[in-house]
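The values are calculated or read from the model by the stated rules, or taken from the named source; none is laboratory data. Computed from a prediction, not measured in an experiment: that's the story for all the values here. Methodologically, a virtual Cβ is constructed for each residue, glycine included, from the backbone with ideal geometry; neighbour enumeration extends over all protein chains shown.
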């Protein structure tokens, strides 16, 4: 299993970015940081999507079950179809986090 170190690192880094994204999204949802936090939220979203894709690719290359992360990526890519500030947006965000957690557990 060559490349497992980089694979596990990318999984953990993506999980940390996802946690930051959820916390920043929560602060936006609750109205704590409306003025300054929109562009970092979008940048984190892009970084999480790229991290999930990179982790899936590294997992496939290392012989692990990287495909288990693809449902989380598919759900993440549907996020822009929801309206920020609405219940559907934060509910889908929680489902994305759950799908990533299950995928991380299966792909580890």
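For this structure, a couple of remarks:
- For the stretch 9-21, the tally of residues that are surrounded by fewer than 18 Cβ atoms within 10 Å (Cβ to Cβ) and farther than 18 Å from residue 95 by Cα stands at 3.
- Among the candidates 6, 19, the residue that is in contact with a helix residue (DSSP H, G or I) (Cβ under 9 Å, 6 or more places away or on another chain), at pLDDT 95 or above and assigned to a helix (DSSP H, G or I) is uniquely 19.
- Condition met for residue 24 (buried (at least 17 other Cβ atoms within 10 Å of the Cβ) and in a helix (DSSP H, G or I)): yes
- Residue list for the stretch 43-70, restricted to those being closer than 17 Å to residue 26 by Cα and surrounded by 14 or more Cβ atoms within 10 Å (Cβ to Cβ): 44, 45, 48
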